[in-house]
Amino acid sequence: MSEFRVTAISKLHAEFSVPGDKSMSHRAAILSGLSNGTCTIRNFLPSEDCLNTLNAMRALGASYEVLDELAGYGPIHLRIHGQSMKLSAPSAPIDCGNSGTGMRLLAGLLAGQPFTSELYGDASLSSRPMGRITVPLGQMGANIETLGATAGCAPMRIHPAKLRPISYQMPVASAQVKSAVLFAALFAEGQTTVIQPAETRDHTERMLASFRVSTRSDGNAISIYGGQMPESCDFTVPGDISSAAFWLVAAAALPGSRLLLKDVGLNPTRTAILKVLSRMGAHMLDIVHHSDGEPIGNIEIHGAPLTGTTLLESEIPNLIDEIPVIAVAAALAQGRTVIRNARELRVKETDRITTVVDNLRAMGAQVQEFEDGMEIDGGHPLHGAQIDSFGDHRIAMAFAIAGLFAKGETIIRNTDCVNTSYPGFAHHLDAIRRERSNAADFTLPTVSRE
Ligand code: S3P
């Protein structure tokens, strides 16, 4: 089992790119596989989560060819052969690994197929709630059995069904739930509407538009007509702002630092992290240089002494995946940071309220835990500690960042999990730890397969 050993840095001057966006890579694999032709996807994220979705689509008939590979991980440029909405029955249960997004989106896709399929995942995924998708999909006529040891949890067996459209008011603000219903709705005759309690990431809607499938948004309600055929297209995945967030916090918290992250996705439903770090005192410039479906741009950040902030309830869905590393920034800032209305963190890859609070305390931070979040009194010096990721990629990476500011050595155990979202994180961490500023030190090796 691998680990990170991290000590404090005194300098951060770097320019590099983070790998492709996880949310968009899942959706690109699914929509390309459904489309009516061949799609070229560039900068696909070859993380375990997205590779599982890509291979799930292959098991459903959508084969792919690798053009370029991130050495040791998997395809970054590839061609996917769409099946014109006619998927084939998989010959074996489909492995979704650690990915809630993969499992929930695929369940939506499979709910209205004329064949039986099964989705399973690892121990963490098998304990996460699936009722949030089986309820609306059931209202559409889907027949899904949850077979897990815990009620309402994976594995899921999805029986053949003919779906009908629904109007569904989502009880939780979840892009995964919204997307599962929208994918299922493609196979239901008539108009389906999902109403979100708050805005969530809109990658599904944007990517459907790239594939010429129309949806209509009216405030937080999104409607789609079934029977539309996704038209094949080429898609370039921007860098993942949730991966960028780790380095943004490292730079923000180090006065005198300068970091330029290139070609990052700047979709406004994902950029609240930038607002929060600015509010905390970091100097930031983000410039969209390309916007074709999804805005892409560069983020330049300069560190400064940080102060605490209160996350707004409306910001929570926008930065839900960044909260572990925001909590680290809060521990390094002067004053109090309040993170509430974030109960959803308890049903992520780990209970991220408990894992963040326990690990921050182990490093000397002052934190109070609440059912729906935490309050952090920052500015108390952090010290090195032995930290467990509990198999959660974002916990491993957030605490590697904490280690860059702690006195003594921080050892983060159980770090293989970072490959679920950020292949190459260890390489980038090493370059930051060694205070490198050469672009070449950050370049991840690729192999051409053409
Ligand atoms: C995701 C949505 C979020 C997020 C996850 C990716 C997506 O989950 O935490 O990492 O790609 O739709 P919820 O929508 O369930 O909050």
*Would you check if LEU306 is surrounded by fewer than 22 Cβ atoms within 10 Å (Cβ to Cβ) and of a type in the set (A, V, I, L, M)?*
no
Look at SER214 and say whether it is modelled with pLDDT of 95 or more, within 30 Å of ASN419 (Cα to Cα) and open to solvent by 10 Å² or more (accessible area, probe 1.4 Å). no
Original post:
Any residue in region 387-402 that is open to solvent by 20 Å² or more (accessible area, probe 1.4 Å), in contact with a Gly (Cβ under 9 Å, 6 or more places away or on another chain) and in contact (Cβ under 8 Å) with a residue 24 or more places away in the chain?
Top reply: no
Filtering region 173-196 down to residues that are out of contact with any Pro (no Cβ under 7 Å at 6 or more places or on another chain), within 16 Å of the ligand (Cβ to nearest atom) and assigned to a loop (DSSP other than H, G, I, E, B) yields SER174, GLN196
Restricting region 235-255 to residues that are within 16 Å of the ligand (Cβ to nearest atom) and assigned to a loop (DSSP other than H, G, I, E, B), the one surrounded by the fewest Cβ atoms within 10 Å (Cβ to Cβ) turns out to be PRO238
Within region 411-450, the residues that are among the β-branched types (Val, Ile, Thr), surrounded by fewer than 23 Cβ atoms within 10 Å (Cβ to Cβ) and part of a loop (DSSP other than H, G, I, E, B) are THR443
Please verify whether ARG352 is open to solvent by 10 Å² or more (accessible area, probe 1.4 Å), under 18 Å from THR200 (Cβ atoms), within 16 Å of the ligand (Cβ to nearest atom) and without any contact (Cβ under 8 Å) to a residue 60 or more places away in the chain, treating the condition exactly as stated. no
Pairs returned, first residue in region 152-178 that is open to solvent by 50 Å² or more (accessible area, probe 1.4 Å), second residue that is part of a loop (DSSP other than H, G, I, E, B) and within 16 Å of the ligand (Cβ to nearest atom), beta-carbon separation under 8 angstrom, 6 or more apart or interchain, are GLN169/PRO197; PRO171/PRO197
Within region 197-218, the residues that are within 11 Å of the ligand (Cβ to nearest atom) and in a loop (DSSP other than H, G, I, E, B) are ALA198, THR200, ARG201, ASP202
Within region 287-298, is even one residue surrounded by 21 or more Cβ atoms within 10 Å (Cβ to Cβ) and within 16 Å of the ligand (Cβ to nearest atom)?
yes
Of the candidates ARG270, ARG258, ARG279, the one satisfying the condition of being in the same structural domain as ALA439 (by TED's automatic domain parsing), open to solvent by less than 30 Å² (accessible area, probe 1.4 Å) and among the basic types (Lys, Arg) is ARG270
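The values are calculated or read from the model by the stated rules, or taken from the named source; none is laboratory data. Just so it is clear, the model here is predicted, and its values are computed rather than measured. Positions of Cβ are generated from backbone atoms using ideal geometry, with glycine treated the same way; all protein chains shown enter the neighbour counts. These accessible areas exclude ligands, DNA and RNA; they are computed on the full protein's heavy atoms, side chains included. Shrake-Rupley method; radii C 1.70, N 1.55, O 1.52, S 1.80 Å.
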